[in-house]
Structures are given as structure tokens and as C-alpha cells.
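Just below is one structure, and these are the notes that go with it.
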DNA sequence: TATCGTGTCGATACGCTGTATCGAGAAGGG
DNA sequence: CCCTTCTCGATACAGCGTATCGACACGATA
């Protein structure tokens, strides 16, 4: 039917860009979660079909890499200071950014941040720790520890925990499990779970890691 | 055609069990990765169709929960000792187990270990830290820090890093990026990346976290 | 023993995914 | 004005999770 065929000239619609594609994908992920990001839906948000995107990407993995790097670019550089202050700032801003884009944490556990913004983020981490003047090998260890702590904590934080809204049922299940008496220490501690805000817990744990790094200064192995 | 229809009596083939289903799924994940685990393929490995599994599961998520808990059950309890030794043992055995089932790390970042084995694992973590005699709140923070470190490190370790086999290209890309001079600290440190074995790095970073916990003893905030 | 309810099994189907293929059409150079 | 070249996107394919439902085997009842 003629009515369905596009009128000549309407074809070249709008020039896209990787940035536009990435932005559309991020908006979708923010609104409906990472699993809602499909090439079809991203393309639809841009008013086109899925195959159009293959002009800007080689695969969906490319899109996820772009999204990850875009988020890395949203994490601001720390104001210059001592190593501890810089690491604190980086960690805090990473947590804030992750809260804005919860799906970032999932990506964090899935792919390496090798884009320009991701490398810049790594550079900042290493630069902060390097201020300590540790030998290179210890510096790597320290950065690994901080990075692992950040990634791991955000992961655990953003997982639907016992305090989740519809987790009422999950919390009841937990209570029932603990009531069996098989987990005495858990039982003792479980009341604290909800009492501690994630911000505070994140900062507290980070201090533990930083203390450990500071203790590595003299001539540790 | 009659030939295709099963002869009566052949229907009730083999009684399955959640354990059997889980084992099949784990074998598949070990052999071909987590993304190869589909209800169709698991069912095929058991000589049946996908819908059969819904007698044992409500959804695929259930299967992933079962797999996660099964792995938690493979991590042995630490031999009794002081808090530091127990945490070290738990961390080491977690790393070993994760190496046997790399997909476990992915699940670790995706869902809570609320099964019986997962709770037992948590219990052991809390019990070890509880030996320190910290107030409940600090104990939670310390456990969070350790758990975050373990989860984060394994995540980063099992990501295909620059040392990956086909990563030759990725490594070249990294070298090119660093050669731009935009990442001076990265450039200084990058030679260390391959020099450090993951075992050693994991243990070293863990010591940093443990030092931090030990430092929290007196009367920290 | 014959019959009926009950519960399990799995074939079929639906809507979704990522992406390979390829024909149609616009853009630019001769 | 025609022909080449590149871009676009419709169509198609294999695979996914799972809802539906008819067919069958089993256990209890008459």
C-alpha cells in the first residue's frame, strides 16, 4: 500500500550520534532499569529502527561500554588535597553517581572501564594513592583494595536488601530463618541492619580500608 | 505418525529434584559460562523439555538462587582460630571457590545470598568479626567492609583484564591510550599490572582491610 | 475390577531479544 | 543525466522465558 511507504525525501530524517544513542540508552536505564535497555527500545526512543544503531555500534556490548564510560565522566575529579581526602571525595562522589544510575553498579561488575573517562577515573585513584609514596607494587595493592571496596559496597548496597519496599516478605523470611537459632551471630546483629544508613556505613568501612593503607607505609611486605 | 508418539508407560521417565536441576545448571555454567544457562539447555541436559523444570522452580531466578546457594555451600567453614585467621581463611576459600565457578562472582553482584548456605556463610563472617568484641554497629561496618572487599576484588579479578589471552588487542589499546600522556600515574604503574599475581594481590589488599578493622578497636566513632 | 478425579508432563505458542542479510533509495561525482 | 557508493531499515532467524492447555499415568473410590 502506498500509504505506508515513506514519501521520498523523508528518509534522511535526523543525523544521530554515539552521544545521542548513549543518552537515550541511559535515560531508558534510569527510568526502567538496565534490563529494559534493548536495541529495539533505544532505537524506538530515537524514532527509528534497531538496525539504525549498527551504524554507530558494532554490538550491544559497545552500547554498554559507552554507557559505562559516560557515567565515569559524571564522577567529578576530587579537589586537590592529601591522599586520604582525595580518596574520600572520589569514593563519595562515586557513591552519589551510582545512586543516580543504579545500573552503573551492574556494569561495574561486568566490564572494565577502559574508555577515556574510565581511564581518567583510574588515573585519579592512582594519583591519590601515589601521594603516599609507597613503592609501585604496594600502590597497586592499595588501589585494588579501595576499588574493590567501592565496587563491592555499592554492589551490596544497591542489591534489593531486606529493607527494600516489597521486601516485607523477604524480611519476614529472614526473620523466620534466623529464628531457627542456626545463625546466632546474625540474630544478634540483625537489628542493626536497618539502623545504619548506607551513607554512613559506606564512609565507615572506607575509613577501615584507608586506615589499613596508612598502616602499610613504613616497610610492610 | 504413531512412531513419534511415545509408547504408553514411557512417560514417567525419571524423577528429578531441585538438586539434580541445580547440578545440571552448574555443570553447564562451569563449562560454557552463565549466559549458556537457559531453561531449555538445562532441561535438555536432563533429557527433558523446558517446562518440566517449572515443577521444581517458579522462574529462572529461582534457579540462579539455587546455584548461588549451592556455591555458598562449597565454601568450607574456617578452622577455629582468632578473628583475623578466620577471616583470612574465609576470604581465601571464597576466592578458591570463585575460581572454580567464575559465574558465582556474577551472581554475587546480582542477588542476595539468602539461602541456608548463604546465611551460614554470613554467620561465619559475623562470628569471626564478633570475636573482636566491637559494639554491634562497628561489627556490621567491619563485616560490610570485608564482604565488600571480597566481592569487589573477585569481580575485578574475574573481569577479562588486560592480561586476558585474546586481550592482546585490548592491551595494545591500553598502551596506546597511556602513551597519550593523559594518564601519567597509570603509565608509571602499568608495568606492575602483570607482575602481581591475583592470589597475592587479594591477600595483600585483605590485610589492609583487616588492619583497618583492627585499628577500630579502641574507641573509634 | 472398573471408573473417576488428580496431578504431572511437555507440545505449542507468544512476545521478546540480538543481529545477519539484503533490497530500496538518497547523495555525490563524472 | 546517469552511475556509483553509501546509508537506511524491513524482513528474517534462532534463541530466550514462560502462559496455556490437552493428554496421559497414577491413586483412590465404587
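The table for this structure:
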quantity	calculated
Segment B:176-194 - residue that is more than 7 Å from chain A (Cβ to nearest Cβ), over 24 Å from the mean Cα position of the chain (by Cα) and at pLDDT below 80 and, of those, surrounded by the most Cβ atoms within 10 Å (Cβ to Cβ)	B:190
Helices (runs of 4 or more DSSP H) contained in segment A:21-136 and holding at least 3 residues more than 24 Å from residue A:213 (Cα to Cα) and without any contact (Cβ under 8 Å) to a residue 12 or more places away in the chain	A:39-45
Number of the condition not met by residue B:8 [criteria: (1) within 12 Å of DNA strand C (Cβ to nearest atom); (2) at pLDDT below 90; (3) surrounded by fewer than 11 Cβ atoms within 10 Å (Cβ to Cβ)]	(1)
Residue within segment A:30-52 that is within 14 Å of chain B (Cβ to nearest Cβ), over 30 Å from residue A:201 (Cα atoms) and within 16 Å of DNA strand C (Cβ to nearest atom) present	no
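The values are calculated or read from the model by the stated rules, or taken from the named source; none is laboratory data. These numbers were taken from a predicted model, which means no experiment stands behind them. Neighbour counts are summed over all protein chains in view; Cβ atoms, including those assigned to glycine, are modelled from backbone coordinates with ideal geometry.
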